[in-house]
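Below is one structure, written out as structure tokens; the observations come after it.
The values are calculated or read from the model by the stated rules, or taken from the named source; none is laboratory data. Please read all numbers here as calculations on a predicted model, not as lab measurements. Neighbour counts are summed over all protein chains in view; Cβ atoms, including those assigned to glycine, are modelled from backbone coordinates with ideal geometry.
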Amino acid sequence: MTMTYSVPPEAAGQRLDAWLASQIEGVSRARIQLLLSEQKVLVDGAEAKPSQKLRGGEQVEVLGKPSLPPLKAFAEDIPLKIVYEDDDLSVINKPAGMMVHAGSGATDDARNHGTLVNALLSHYRSLSTTGGELRPGIVHRLDKQTSGLIIVARNDAAHLKLAEMFSQRRMKKTYVALVHGNVKQDRGTINAPIARDLLRRTRMTTKREADARSAVSHYTVLRRIASRFGAFTLVSVRIETGRTHQIRVHMSSIGHPVVGDTLYGAPARIVPPKTKKSATEEETTSLDRNFLHAAELEFAHPRTGKVLQLKTELPEELEQFLESLEARAATA
């Protein structure tokens, strides 16, 4: 099936592959580049290159789908931090930096290495098959730079019941996040539907009504920090829904982005308010991941009905970052 797109004047100067990836829902830039390499993209009737710069006014034709090589998950001997396990499910404490599974549009081996799924296949003889060959056992996800508790289904019956709990909001999930600024209220609820950002496809937004899905987050202030790098607030956040980037989007929408989350407005390097922008590295601080941790899970066991309450502490790098801020608060 051929799809045709008209390039608006404001897209002039953009690369073809980047612009086209922003126009097609659920298609990555890597997938677009594969289409281009297979000569399945025409600009004004002529073959095009990924780096081709747009002028505005062109007609871009996409001729079908890319011929993706079959991608299957495979076992890798990667250590796992197992918080709970039985014959039906496991709960893993995932580190930041680990992808849960490779994306369906992955076109290189690097993106299919080091995932949670690869580690699970090495550790367990059997996992649920409901998610397909690329996502065995995976009931829900955590962002790559989010650490914490994630549930894995060991068989299809458990997977179906766990998925039902998620869809019916019977799964209690609580996160801990450090956000920029001083959150005024000790408690609050953010009820703001979330949709994909049409201009930056890797982002989600609360500012678009079309296709937005309901999203509800309840936050509680745990600690307030007044450091020489400015104010920060440590919060716990319980989410009723599980939208993509939900906590990150919601906290940013009220003016308090998660520390380390440059996609939603947090600075890459944190500079003291009274310091010039030309501050040296020694005068700044940073966190090379998002300060977001899935700390608690509470749900009924899919077979026995017994309520499981599972917790995990903040990882060492987040505790050290907090200690660093608080030490600097004391000397500020």
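What to note about this one:
- Any hit, the stretch 220-243, residues being charged (D, E, K, R), touching an Asp or Glu at 6+ places or on another chain (Cβ under 7 Å), at pLDDT 95 or above and over 20 Å from E323 (Cα atoms): no
- Condition met for S51 (assigned by TED's automatic domain parsing to the domain that holds P136, modelled with pLDDT of 80 or more and not aliphatic (A, V, I, L, M)): no
- Hey, R201 basic (K, R) and surrounded by 14 or more Cβ atoms within 10 Å (Cβ to Cβ) or not: yes
- Pair list, Cβ under 7 Å, 6 or more apart: the stretch 301-326 residue assigned by TED's automatic domain parsing to the domain that holds R223 and modelled with pLDDT under 95, other residue surrounded by fewer than 18 Cβ atoms within 10 Å (Cβ to Cβ) and of a type outside the set (S, T, Y): L325/I225; E326/I225
- When the criteria are applied in full, R213 fails the requirement of being in contact with a Lys or Arg (Cβ under 8 Å, 6 or more places away or on another chain) and crowded, with 16+ Cβ neighbours inside 10 Å.
- Looking across the stretch 230-246, just one residue is in contact (Cβ under 8 Å) with a residue 60 or more places away in the chain, out of contact with any Ser or Thr (no Cβ under 8 Å at 6 or more places or on another chain) and surrounded by fewer than 17 Cβ atoms within 10 Å (Cβ to Cβ), and that is G242.
- Residue check, G56 outside the structural domain of A210 (by TED's automatic domain parsing), touching a strand residue (DSSP E or B) at 6+ places or on another chain (Cβ under 8 Å), over 30 Å from A102 (Cβ atoms) and part of a loop (DSSP other than H, G, I, E, B): no
- Number of the condition not met by S51 [criteria: (1) part of a loop (DSSP other than H, G, I, E, B); (2) in contact with a helix residue (DSSP H, G or I) (Cβ under 6 Å, 6 or more places away or on another chain)]: (2)
- Within the stretch 253-275, at least one residue is over 14 Å from the mean Cα position of the chain (by Cα), modelled with pLDDT under 95 and of a type in the set (D, E, K, R).
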